[in-house]
Amino acid sequence: MTNLPNPLEHRKSDHPIEELFLKRWSPRAMNGEAVELESLNRLFEAARWAPSTYNEQEWRFLFARNQTANWSTFFDLLGEANQAWCQKAGALVIVFSREKFTKNGKPNPVHQFDAGLATQNLLLQAASIGLVAHPMAGFDRGASTRALNVPDGFEPHCMIAIGHPGNPEDLPENYQSLEQPSGRKPIDSIAREGTFTFDE
């Protein structure tokens, strides 16, 4: 049973777009149910079709499902504030990317950008099949590479909590009021024709 708000009742685009973009948000309330490997593979399938420079596909995803052998390793990497609500996640995913091109060993200046594109594909796919997917910066990046045997040359970017929607009332009290889909800045504050004329 979930009492999460419907984002389509809280969000309205100023111009016609696909509803999926409005449906994607980052709730924290999950019900503790396992996320099947097949469902996770659907997310990774979406991620692998993201664009990348020279088709490098430099992103890498490591994951652990709740109540499996690797769960505590991933969970312990989270900051305390995120541990408070991630206990009922069905899976935790960490996004990495290779810092250099495989074809010539030179630095790839857009590896982070490409990993972000793949991550957005994953998040949108999760929204399309009714899963919660909440990306987080609050985890120990250095410890993640050591704990998960990540070789040199890969940078960690974010951890994503994935699960089935839950009840906001089951969250710690200080998180309950946050379970509302957020709005966005108007277009004229993020896009201008010509030179940079934003008020920053």
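Per residue, the accessible area of the range 1-75 comes to 65 Å², computed with a 1.4 Å probe over protein heavy atoms only. Over all other residues within a Cβ to Cβ distance under 11 Å of K100, the charged ones net out to -2, with Lys and Arg as +1 and Asp and Glu as -1. Computed over protein heavy atoms with a 1.4 angstrom probe, the accessible surface ordering of V150, V35, largest first, is V150, V35.
Of the residues Y54, A118, P5, the one whose Cα sits farthest towards the positive end of the charge dipole of the chain is Y54 (charges of +1 on Lys and Arg Cβ, -1 on Asp and Glu Cβ, taken about the Cα centre).
Within the shell defined by Cβ-Cβ distances under 13 Å, the residues around A191 carry a net charge of 0, with Lys and Arg each +1 and Asp and Glu each -1. Scan [x] -1.49; [y] -1.31; [z] -1.19 for the value of log10 I(q)/I(0) by the Debye sum over Cα atoms at q = 0.18 Å⁻¹ calculated from this model and give just the label. Here the calculated entry is [y]. Once the chain from E18 to N6 is taken as fully extended at 0.36 nm per residue, the excess over their C-alpha distance is 2.8 nm.
Across the accessible surface of the range 1-90, with the other protein chains kept in place and a 1.4 Å probe, carbon and sulfur atoms take up 47 percent. Residues with beta-carbon under 12 Å from that of P135, excluding P135: net charge, scoring Lys, Arg +1 and Asp, Glu -1? That works out to +2. Loop-located trypsin sites (Lys or Arg not before Pro) in the range 45-112 (DSSP state not H, G, I, E or B) with no more than 13 neighbouring Cβ atoms inside 10 Å: K103. Segment T102..D188, full-extension length gain: 27.0 nm, with 0.36 nm per residue of separation and the alpha-carbon distance subtracted.
Computed over the range 101-189, relative contact order equals 24 percent, with contacts defined as Cα pairs under 8 Å that lie 6+ residues apart. The relative contact order of the chain comes to 33 percent, based on Cα pairs under 8 Å that sit 6 or more residues apart.
The values are calculated or read from the model by the stated rules, or taken from the named source; none is laboratory data. What you see is a predicted model; the values in this text were computed from it and never measured. Reconstructed Cβ throughout: ideal geometry from the backbone, glycine too, with neighbour counts over all protein chains shown. SASA here: full protein model, heavy atoms, side chains in, ligands and nucleic acids out. Shrake-Rupley method; radii C 1.70, N 1.55, O 1.52, S 1.80 Å.
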